[in-house]
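The values are calculated or read from the model by the stated rules, or taken from the named source; none is laboratory data. Note that the structure is predicted; figures quoted are calculated from it, not measured. Every residue, glycine among them, receives a Cβ derived from its backbone with ideal geometry; neighbour counts consider all protein chains shown.
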Amino acid sequence: MNNRLLQCAASKPLGTVPILRSPRSKMGLSPSSLTVSKQLLASCAFLFVLAGLARGDDSWPTFRGPQRTATAPDKGLLTEWPAGGPKLVWKTTGAGRGYASLAIVDGRIYTLGDEPSTAQDKDEYLVCYNQADGKQLWQTKAGESWTEGKPDWQNARSTPTIDGDRLYVITPHGALICSTTDGKELWRKDLKKDFDGKKAEMWGYSESATVDGDLLLCTPGGPTNTMVALDKKTGDKRWAAAWPGNRGAAHSSIVITNVGGTRVYVQSTGSGAMGVRATDGKLLWKFDIDQTTAVIPTPVVRDDLVFYVAGYGRGGALLKQVAGGDGDVKMEVVYPLKTELSNKHGGVVLVGDYLYGDTEDKGVLWCAELMTGKVKWKSRGPGSNSASIVVADDHLYVHYADGTMALVKASPESFQAVSHFKVPGSGGDRPSWAHPVILDGKLYVREGDVIACYDIRK
């Protein structure tokens, strides 16, 4: 990362640069809808350019990347792999049990895991590695392991979020922890005790916290503090968004949108989707669903469109945010829930005008038109069970629950699996549910205690 650019941006009087925004986002400011001066608009544009340079192609600061799209900007990548997979750069251990993905910033890799092989106990730890060689740099105890329910349901699952020299993570028990990027804890909150939060089911918190300017956002769940905004430095509450009757927090993470000049935080909960105004926490709109086993995928957003998706027979629906007067935003349903677009927890990605995801957790991928929900194809791939996806260079990188990693062309014409291999460390007593990461021509895959790095450049 270019630290001089980041320092320059931070010195501007308009405030800090949010890590989840960049000029590549299609949800940017709309000059026609704003009444700010040209000078202020130019200053904002300048800051966003700096943000893109400082927190752009060289970082993956939170779950599903800078914009939560699970899409990497990398080009010039391999279009097929050798039989045994791409070149293994390094493999390391000590990540612990769990399904948390990886955050990568400034040459460091961060994750969360229970009972790491490098620890002396069975507790949960924040773990940090050197990106270049996989050497473990530090580990810090986060709390007790999550051991509720069947073995598959246990252990860590929240991906850390990195903002400057601070790290934020949410444990399954509901502890929101702020530490330095060297592992020193600064403060913590309890989502249940401090905010009367609750989960919509028994599987523990999975959300990755969101940083927007000087705000830290998360979703305790429940009717009173459904979503909260905190001061990212102190943890003090700025506002709370209340959804009366809300069943509780889901497993997804917040996505930032801009609708007619109004900044809106979009999130899924156990009761459905919600849009919250960034300035004061007003609940602008909600999309109700019938009670279901769990709601896990993060919403997919483009401009004013929101693709909401859940598994367990619920499906996917396309919503449209519509700007009104005085910062108000309403929601219209473009098409209702389509059960053929159900996805349990592998997530859905948008490439061009087409959505790609796994059918529930069956390992049967589907492609559908964003605007209509019409399915273009469905096909079983080389792996089995749930499939998580990251996109780069017109290809889908698919991580199946059995540890198979597949390279699939992102084409609405047909399912085309080009190459696949088995990731080392997979096939144990836990499924391979951690989402893969692509950064600077490298593919990073976590398999429980093991993290592997592959060179996927031509």
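The table below gives the values:
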{"quantity": "Subset of segment 394-409 (residues that are on the phi < 0 side of the Ramachandran plot, of a type outside the set (Val, Ile, Thr) and crowded, with 19+ Cβ neighbours inside 10 Å)", "calculated": "HIS395, LEU396, TYR397, HIS399, TYR400, ALA401, MET405, ALA406, LEU407"}
{"quantity": "Within segment 80-127, tally of residues that are closer than 17 Å to GLY425 by Cα and free of Cβ contacts under 8 Å to residues at least 24 places away in the same chain", "calculated": "0"}
{"quantity": "Filter pass, ARG64 being under 30 Å from ASP214 (Cα atoms), at pLDDT 95 or above and either more than 23 Å from the chain's Cα centre (by Cα) or basic (Lys, Arg) (or both)", "calculated": "yes"}
{"quantity": "Some residue of segment 181-191 being among the β-branched types (Val, Ile, Thr), surrounded by fewer than 17 Cβ atoms within 10 Å (Cβ to Cβ) and over 18 Å from the mean Cα position of the chain (by Cα)", "calculated": "no"}
{"quantity": "Unmet criterion (only one of (1) more than 21 Å from GLU447 (Cα to Cα); (2) under 18 Å from the mean Cα position of the chain (by Cα); (3) of a type in the set (S, T, N, Q)) for SER386", "calculated": "(1)"}
{"quantity": "Identity of the residue in segment 425-451, small (Gly, Ala, Ser) and crowded, with 22+ Cβ neighbours inside 10 Å, that ends up modelled with the lowest pLDDT", "calculated": "SER426"}
{"quantity": "Count of residues meeting criterion [touching an Asp or Glu at 6+ places or on another chain (Cβ under 6 Å) and of a type in the set (S, T, N, Q)] in segment 351-384", "calculated": "1"}
{"quantity": "Verdict on GLY213 being in contact (Cβ under 8 Å) with a residue 12 or more places away in the chain, of a type outside the set (A, V, I, L, M, F, W, C) and buried (at least 23 other Cβ atoms within 10 Å of the Cβ)", "calculated": "no"}
{"quantity": "Matching residues in segment 373-393 - criterion: being surrounded by 17 or more Cβ atoms within 10 Å (Cβ to Cβ) and in a strand (DSSP E or B)", "calculated": "ALA387, SER388, ILE389, VAL390, VAL391, ALA392"}
